[in-house]
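In what follows, a single structure is set out as structure tokens and then discussed.
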Amino acid sequence: MRRIFLSLCTGAAILSGGVGAANAQPEHAISMQGEPALRDGFRNFPYANPDAPKGGSVTYCVVGSFDNLNPFIIKSLRTTARGMIDTIYGNLVFEPLMQRSADEPFSLYGLLAESIDITPDRRVAEFHLNPNAKWSDGEPVTADDVLFTYDVYTEKGRPPYSDRMKKIAGLEKTGEHSVRFTFNELADREFPLIIAMTPIIPKHGFDKETFDQTTLKPLIGSGPYRVAQVVPGQRIVFERNKDYWAKDLPSKRGFDNFDRITIEYFLNANSQFEAFKKGLCAVYEEADPVKRERNLDFPAVREGKVKNEIFESGLPPVVSGFLFNTRLPKFSDVRVRRALAMLYDFEWANKNLFNGQFKRTASYWQNSELSALGRPASAKERDLLAPFPGKVMPEVMDGTYKPAETDGSGHDRAPLKAALDLFNKAGYRIESGKMLDPRGQPFGFEILTASQSEERLAALYQRTLAKLGITVTIRALEADQIQMRKQRFDFEALIGSTGFLGTLSPGIELTFRWGSESANIEGSFNLAGASDPAIDAMIEAMLNARDKESYVAAVRALDRLLISGAYIVPMQYDNRQYVSYWNYLAHPDKTPIFGYQLPTWWHKPD
């Protein structure tokens, strides 16, 4: 019997009934560009140990708090318990149709869906669910669960899940374990992969009417762990489901090795580190070289109980720095932001704060073929940018751009003069030692910080800006307060990232980090408030690129726009990951391009 659910938000029909497959030959994997690296029948991902022992427990520690277990709703978005779905600790409770490989730019392999049929134009994709897939309560995963997932996300979910149906013309149940997606003209070539990565939830495990309400009740998922204990704001404990249906799948073999995973919450980074020293936390990552030298030589390290190890990441560095809220009039003029970007004294900071171990961040895809640094714009890039004259600085367009440099003395006046010239062009002036805006009002702003390290960097920036009469105040807040401020866009400037993770395969996530539609949606990751038709056009060109040359051109053009837009004052990076861990843990020999992967670690047998 056919059933039709109408999405009030999108007007799209969700159909269930029997229809033929999209292609004759289902595929075990799909890749954004080119072919997946692993052939059908592969045993395991190359960065996982298929013979890793199961057992033991591990405790991870994070800064912040939590008051919700449902990661798919807007309420408590930034205070949802870690681990339910998690890029660091693993998707412990909820899983997507297909599993991403951490050793390829963007390839997905079978998980809830054992295979995919997809048309060459990627307008139709049919997923065939693994008939062995089960929820943690033993119920089978069915096509109806997929239909329910999209129905409830559309009506009650948070972005980006709530927006999925806008690009779907039809969603059909083609069998008890098969679902076909037909995409509309809004969808791009990446969108089928986004669908494959969307977590699926059980129809029998949720009440649609109350789905958008926070909950601390353990939820049913298909993942390798069940929620065993919840202490709101302090601790969540997961226990491995020994009957986990996917433990022998190639995409999961060698993963999920601990019997028990505990995630402890701390109010600040200092208390987190002290807990690690005492052995309460198993793993600690420290990016600050001074802190590493000062703090990571305690007795347990000298006794060999704690190991300090360096992992190499093959991804572009995460862009972090002083991020401006461009929704505010004081940051709306790009000339003002460019002037402010000239005033971070990286050379002094690197020498005096970081022992010279960092490099300057200047591109959103640094050290990759996607970066615009050192490359003049190609003909394809110029064609893409032609409708938006003046958006890209000439030096960024011709590939000669470099961030402002100082002599490292802390007293170099050249960057100050260059920044002042730009302020003057924007109508600003200095009177009686104060920088005044075009209306004659003093110009200044507040920087939010969440740690002593951030306060140090903010103080350095504050001193430099004071030389031009710009008053900067620094407000230290707890991590959970910062998260709430971010969710409401209630800040002037803060130290952090744009939510923009280093990636060799940028895609639809950029819509939620830089797209105009997300600029004023509470809880979105577009913290800077970017709203620029040129950025939107480059993202669209990137998503619709049908060959690598067009894709690279679109990303480089976007890179040029983001650099020129000065939404953030990039600071420094080190692509090496400095991780300390207690020696009862072990990990595979191979580090994938995404860096070390905690879900593949294990507890050494006693």
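The values are calculated or read from the model by the stated rules, or taken from the named source; none is laboratory data. Quantities reported herein were computed from a predicted structural model and do not represent experimental measurements. For neighbour counting, all protein chains shown are included, and Cβ atoms are generated from backbone atoms with ideal geometry for every residue, glycine included.
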Query - Residue in the range 34-57 that is touching a residue at least 24 places away in the same chain (Cβ under 8 Å), in a strand (DSSP E or B) and either surrounded by 18 or more Cβ atoms within 10 Å (Cβ to Cβ) or out of contact with any Cys (no Cβ under 7 Å at 6 or more places or on another chain) (or both) present - result: yes
**Report entry** Residues that are free of Cβ contacts under 8 Å to residues at least 40 places away in the same chain and assigned to a loop (DSSP other than H, G, I, E, B), drawn from the range 72-86
**Finding:** Asp86
Query raised in the report: Just to be sure, is Arg475 within 26 Å of the chain's Cα centre (by Cα) and either surrounded by fewer than 14 Cβ atoms within 10 Å (Cβ to Cβ) or of a type in the set (Ser, Thr, Tyr) (or both)?
Result: no
Report task. Return yes or no: is Phe255 hydrophobic (A, V, I, L, M, F, W, C), surrounded by 19 or more Cβ atoms within 10 Å (Cβ to Cβ) and within 26 Å of Ser115 (Cα to Cα)? Result -> yes
Requested in this report: Identify the single condition in (1) within 30 Å of Asn350 (Cβ to Cβ); (2) crowded, with 20+ Cβ neighbours inside 10 Å; (3) in contact with a Lys or Arg (Cβ under 9 Å, 6 or more places away or on another chain) that Val579 does not satisfy, given that it satisfies every other one.
Outcome: (2)
Requested in this report: Within the range 112-169, track down each residue that is within 25 Å of Arg226 (Cα to Cα), surrounded by fewer than 19 Cβ atoms within 10 Å (Cβ to Cβ) and among the small types (Gly, Ala, Ser).
Outcome: Gly138
Query - Conditions (1) at pLDDT 95 or above; (2) within 17 Å of the chain's Cα centre (by Cα); (3) of a type in the set (Ser, Thr, Tyr): number failed by Ser564 - result: (2)
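From the list Leu543, Leu585, pick out the single residue that is hydrophobic (A, V, I, L, M, F, W, C) and modelled with pLDDT of 95 or more.
On the way: Leu543 fails: modelled with pLDDT of 95 or more.
Matching residue, one of Leu543, Leu585: Leu585.
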Query - Test result for Gly469, closer than 30 Å to Pro105 by Cβ, crowded, with 17+ Cβ neighbours inside 10 Å and not hydrophobic (A, V, I, L, M, F, W, C) - result: no
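Collect the residues in the range 128-167 that are polar (S, T, N, Q) and outside any helix (DSSP H, G or I), keeping them in residue-number order.
Asn130, Asn132, Ser136, Thr142
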Query raised in the report: Glu395 passes all but one of (1) without any contact (Cβ under 8 Å) to a residue 12 or more places away in the chain; (2) surrounded by 12 or more Cβ atoms within 10 Å (Cβ to Cβ); (3) not in a helix (DSSP H, G or I); which number fails?
Result: (3)
Query raised in the report: Which members of the range 506-540 meet the condition of being within 25 Å of Gly314 (Cα to Cα), at pLDDT 90 or above and either of a type in the set (D, E, K, R) or more than 12 Å from the chain's Cα centre (by Cα) (or both)?
Result: Thr511, Arg513, Trp514, Met538, Ile539
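Being in contact (Cβ under 8 Å) with a residue 40 or more places away in the chain, surrounded by fewer than 21 Cβ atoms within 10 Å (Cβ to Cβ) and in a loop (DSSP other than H, G, I, E, B): is that true of Tyr60 here?
Values: in contact (Cβ under 8 Å) with a residue 40 or more places away in the chain: yes; surrounded by fewer than 21 Cβ atoms within 10 Å (Cβ to Cβ): yes; in a loop (DSSP other than H, G, I, E, B): no.
So Tyr60 fails the test.
Report those strands (runs of 3 or more DSSP E) wholly inside the range 411-469 carrying at least 1 residues which are of a type in the set (S, T, N, Q). Can you show your working first?
On the way: elements: 429-431, 434-436, 444-449.
Correct list: 444-449.
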Report task. Can you work out which of the residues in the range 331-388 that are within 30 Å of Phe489 (Cβ to Cβ) and surrounded by fewer than 17 Cβ atoms within 10 Å (Cβ to Cβ) is nearest to the chain's Cα centre (by Cα)? Result -> Ser332
Report task. Restricting attention to the range 332-381, report how many residues are part of a helix (DSSP H, G or I) and farther than 28 Å from Asp421 by Cβ. Result -> 3
Report summary line: Out of (1) of a type outside the set (Lys, Arg); (2) part of a strand (DSSP E or B); (3) free of Cβ contacts under 8 Å to residues at least 40 places away in the same chain; (4) surrounded by 19 or more Cβ atoms within 10 Å (Cβ to Cβ), the one Asn526 does not meet is (2)
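Does the range 376-394 contain at least one residue that is at pLDDT 95 or above and acidic (Asp, Glu)? Walk me through it before giving the result.
Kept after step one, since they are at pLDDT 95 or above, are these residues of the range 376-394: 376-394.
So of that shortlist, the ones also acidic (Asp, Glu) come out as 381, 383.
Yes: the range 376-394 contains one or more residues that are at pLDDT 95 or above and acidic (Asp, Glu).
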Query raised in the report: Listed residues Glu114, Glu126, Glu104, Glu95; which is in contact (Cβ under 8 Å) with a residue 12 or more places away in the chain and farther than 21 Å from Ile508 by Cβ?
Result: Glu114
Query raised in the report: Between residues in the range 344-360 that are closer than 12 Å to Pro289 by Cα and residues that are assigned to a loop (DSSP other than H, G, I, E, B) and charged (D, E, K, R), which pairs lie under 6 Å by C-beta distance while being six or more apart or on different chains?
Result: Phe358/Asp574
Query raised in the report: Is there any pair with a first residue in the range 152-167 that is under 16 Å from Ile521 (Cβ atoms) and a second that is small (Gly, Ala, Ser) and in a helix (DSSP H, G or I) whose Cβ atoms are under 9 Å apart and which are 6 or more apart or on different chains, and what are they?
Result: Tyr153/Ser162; Thr154/Ser162; Lys156/Ser162; Pro159/Ser518; Pro160/Ser518
**Report entry** Of all residues making up the range 383-401, the number that are in contact with a helix residue (DSSP H, G or I) (Cβ under 8 Å, 6 or more places away or on another chain) and of a type outside the set (Phe, Trp, Tyr)
**Finding:** 8
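Can you tell me how many residues in the range 510-523 are among the acidic types (Asp, Glu) and touching a residue at least 24 places away in the same chain (Cβ under 8 Å)? If you could, list the steps in order and put the result at the bottom.
Within the range 510-523, the subset among the acidic types (Asp, Glu) is 517, 522.
From the residues that got through so far, the ones that are touching a residue at least 24 places away in the same chain (Cβ under 8 Å) too are 522.
Residues meeting the conditions: 1.
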